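Bear in mind that the values in this text are calculations on the coordinates, not laboratory data. Note that the coordinates shown come from a computational prediction; the quantities given were computed from them, not determined experimentally. In this analysis, Cβ positions are derived from the backbone assuming ideal geometry, glycine residues included, and neighbour counts consider all displayed protein chains.
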């Protein structure tokens, strides 16, 4: 079935550094979303992307919907300790179903 | 806006008993709600799609007789884990979708079956 692979799986970075992570698929998606999940909590939506090539920012976060519709990346600039958590991409492939497939996750740890 | 709640936030039960988890959209109506399961250090796996007033659609490999879903109103969906066993221990997360929008997730329910 469809699968979304995220890389890196985990990363340690210094506070203030920029972070980049991506999500790839063998299938085409019509919508890409990026979520952050803190331990013991549900995912919180960061950015939603609806068109191939779209580049969208939300504060220090920037995400892009790949031209091929098979990938997306998320950048975090000037990381801070509260950026710690697990970042998931999610894709919606079938229009009208609104079903999401979640990626494998990138675990981010920020060193103060 | 777009707040989703779940109750309980955690539950411990004995093997063989049934557990009901509620998912509510607090400030919007949701024609569709989704139920996910997340095992430790893993991703969210969609279990079923719940539409108000109709039967839920289950993903491949999810036993519909074990995981009963009821979506009786536009703001409430329930998931009942019947005859729970230790392997059902997991983090169950629901989401709700306002018309024409993305999914908003609840805080999750941690189920531990002894």
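Numbers below:
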quantity: Cα gyration tensor shape of the range B:59-114, rounded if a/c is under 1.5, else prolate or oblate by comparing a/b with b/c; calculated: prolate
quantity: Cα gyration tensor shape of the range A:38-93, rounded if a/c is under 1.5, else prolate or oblate by comparing a/b with b/c; calculated: oblate
quantity: Relative contact order %, the range B:53-114, counting alpha carbon pairs below 8 Å whose residues are six or more apart; calculated: 25
quantity: Shape call, the range B:1-72: gyration tensor on alpha carbons, a/c limit 1.5; calculated: rounded
quantity: Mean separation of Cα contacts under 8 Å (6+ apart) over length of chain A, as relative contact order %; calculated: 37
quantity: Average beta carbon contacts from partner chains per residue of A:37-45, 10 Å cutoff; calculated: 6
quantity: The range B:61-93 versus the range A:81-96: alpha-carbon centroid distance in Å; calculated: 23
quantity: Chain B, relative contact order [Cα under 8 Å, separation at least 6], %; calculated: 37
quantity: For the range B:1-26 and the range A:1-71, distance of Cα centres in Å; calculated: 28
quantity: Residue B:12 versus residue A:93: modelled label distance in nm, points set 7 Å from Cα along the beta carbon direction; calculated: 4.0
quantity: Cα-derived Rg to Rh of chain A, Kirkwood definition; calculated: 0.96
quantity: Ratio of the Cα radius of gyration of the protein assembly as shown to 2.2 N^0.38 Å, where N counts its residues; calculated: 1.02
quantity: Packing-based exposure ordering (other Cβ within 10 Å, fewest first) of B:76, A:55, A:108; calculated: A:55, B:76, A:108
quantity: DSSP bridge orientation in chain A - percent antiparallel, rounded to nearest 5; calculated: 85
quantity: Packing-based exposure ordering (other Cβ within 10 Å, fewest first) of A:109, A:36; calculated: A:109, A:36
quantity: Residue mean of other protein chain beta carbons inside 10 Å, B:83-93; calculated: 1
